Every structure is written in C-alpha cells, then in structure tokens.
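Okay, structure first, notes after.
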Amino acid sequence: MSEKPEYEKNEKSEKNEKKVSRILVLVSGNGTNLQALIDAERQGGLGNGKIAGVISDTAGVFALERAKGAGIPAYTALPCKSLPKQERRLELSGRILAKALELKIDLIVCAGFLSILRGDIIAVYERGMINIHPSLLPKFGGRGMYGERVHRAVLASGEAESGCTVHFVDAGTDTGRILLQRTVPVLAGDTPETLAGRIRVQEHAAVVEAVRNLA
Ligand code: GAR
C-alpha cells in the first residue's frame, strides 16, 4: 500500500492528540485497581485515555511504586492532621483540584482512595470524577464503609451476593449516579478476604470498562 501524503498524516495525528483524555488516579494503598488501569492502557484498552498522574493521600504506599514503575508522575498529598475534619477535607480537595487543573486532567478516578473530597472539585469535575466501591451500592456504602469493613458487613448481613460499583462522585459519600455494577455470589465459608478477592477481579474489569467508556 502506498504511503499516505504527509498532510493527511499530520491532520490525523493532530485529531488523535486532541481526543486524548487525561486521567488522574487517586489512591491510598496497594493500588491493584491502578495497576489494572496501567495494564489496560498499555494494551490499548483505555480508548483515548492516558494516565497523566497519580496522587496518594498516604505516604509510602505500593500504589506510588506502581505509578513510578510505569513512568507516571506520582505525588503524595497528605491530609493536614492539625485541621478539623471538614476543613481538612476541603484543604486536601483544594490541593488535588489545583494539581488536576495543572495537569489538565479530564477525568479523575478514585481507585481505592479513602479520603473524602469536598468543595470546588465536586463541581469542577461534575461528571468527570468516578469512584470504585466494593459493594452493590446503595447497599453497604457511605460513612465508614470502605475496604474490608464492607465485606465484613456483607457477610454479617447474610446477603447472597455482593459485587462492586463504579459511580460518579457527588457531594455525598458513595451517592453519585451509578455507571456500572458487577455482581459476585457470596459463598458458604467466605471470609472477608475470600469475598474481597472475588470482588477485586470484577473491580479491575469494571474500572477499566468505565474509564474506557468515559475517555
Ligand atoms: C478496593 O477494593 C476499592 O474498591 C476500595 O478499596 C480497595 C482498594 O484496593 N475502595 C473503597 O472501599 C472506597 N470506599 P486497591 O488499592 O488495591 O485498588
């Protein structure tokens, strides 16, 4: 096949550049959801999405190593402990918003991010910020429901199934519009760890699917 004329190539690459959706991933711990996104991007599974930065609210977590290993700019933004809770949330949210604007971010993904965001970032990134939660919201969401606590509560309640939810972030906690859910059975003899493991596999697929759809 003959080579395309130079002007066509330029026009095409310019169009592609314009369509790139810059993603900021917020993390607090191990970062397996971040890793799923990194792997998906490498395999072309994020559509036009590009992970342009990672911010952790906790120092020294493995998620930061994953980001660095993938050559993604990684930052730590610690909550200011001396501030009262509401001000602490606002102040941290303000710093994350400033970094998101500086990095020209289109989509923020809370992937195992345990700080609660408040203030301007919610409005600025309305329909541009998503969260992955390890339950079938609205069940087992809200204050105090994160990580292993969610799975303990599901097992204690005798639910036959659980799963994960990707939703937009709004001014509440785990209350934003649901984008997609994936379900897993709760099995006899499940522990919080075995249930979490089964859900984690679905989380990774769900977060990638949601990002690909939005990016
Ligand atoms: C994930 O299971 C995520 O759903 C959960 O924290 C875990 C982080 O895992 N998030 C919440 O509970 C938010 N309310 P990861 O660091 O390995 O991605």
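The values are calculated or read from the model by the stated rules, or taken from the named source; none is laboratory data. Bear in mind that the values here come from a model prediction, so they are computed numbers and not experimental data. Note: ideal-geometry Cβ built from the backbone for every residue, glycine included; neighbour counts use all protein chains shown. Please note that ligands, DNA and RNA were not included when accessible areas were found on the heavy atoms of the full protein model with its side chains. Shrake-Rupley method; radii C 1.70, N 1.55, O 1.52, S 1.80 Å.
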*Working carefully through the options THR183, THR194, find the one that is surrounded by fewer than 17 Cβ atoms within 10 Å (Cβ to Cβ), at negative phi and not in a strand (DSSP E or B).*
THR194
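Which residue is most open to solvent (accessible area, probe 1.4 Å), if the candidates are limited to segment 98-121 and must be more than 16 Å from the ligand (Cβ to nearest atom) and either under 18 Å from ALA196 (Cβ atoms) or touching a residue at least 40 places away in the same chain (Cβ under 8 Å) (or both)? Walk me through how you get there before you give the answer.
Pass one, segment 98-121, residues more than 16 Å from the ligand (Cβ to nearest atom): 98-107, 119-121.
Applying the additional criterion that residues be either under 18 Å from ALA196 (Cβ atoms) or touching a residue at least 40 places away in the same chain (Cβ under 8 Å) (or both) yields 99-100, 103-107.
Numbers: LYS99: 43, ALA100: 0, LEU103: 21, LYS104: 146, ILE105: 12, ASP106: 81, LEU107: 8 Å².
Out of the qualifying residues, it is LYS104.
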*Does LYS139 count as open to solvent by 10 Å² or more (accessible area, probe 1.4 Å) and farther than 28 Å from ARG198 by Cα?*
no
*Scope segment 143-166; condition within 12 Å of GLU193 (Cα to Cα) and surrounded by fewer than 22 Cβ atoms within 10 Å (Cβ to Cβ); matching residues*: GLY147, GLU148, ARG149, ARG152, LEU155
_Scope segment 122-136; condition farther than 19 Å from VAL150 by Cα, at pLDDT 95 or above and open to solvent by 10 Å² or more (accessible area, probe 1.4 Å); matching residues_ = ILE122, ALA123, VAL124, TYR125, GLU126
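Please state which one of HIS151, HIS133 is under 23 Å from LYS85 (Cβ atoms) and touching a residue at least 40 places away in the same chain (Cβ under 8 Å). Write out each step before concluding.
Values: HIS151 fails: under 23 Å from LYS85 (Cβ atoms).
When all the criteria are applied, what remains is HIS133.
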*For GLU126, work out the one condition from (1) within 15 Å of the chain's Cα centre (by Cα); (2) within 16 Å of the ligand (Cβ to nearest atom); (3) within 21 Å of THR165 (Cβ to Cβ) it doesn't fulfil.*
(2)
_Could you go through segment 81-97 and let me know if any residue there is within 16 Å of the ligand (Cβ to nearest atom), modelled with pLDDT of 95 or more, among the basic types (Lys, Arg) and more than 27 Å from VAL208 (Cβ to Cβ)._
yes
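If I go through segment 31-57 residue by residue, how many of them are touching a Gly at 6+ places or on another chain (Cβ under 7 Å) and either of a type outside the set (Asp, Glu) or touching a residue at least 24 places away in the same chain (Cβ under 8 Å) (or both)? Explain how you work it out, then say what you get.
Kept after step one, since they are touching a Gly at 6+ places or on another chain (Cβ under 7 Å), are these residues of segment 31-57: 31, 33, 41.
Keeping just the survivors that are either of a type outside the set (Asp, Glu) or touching a residue at least 24 places away in the same chain (Cβ under 8 Å) (or both) gives 31, 33.
Here the count works out to 2.
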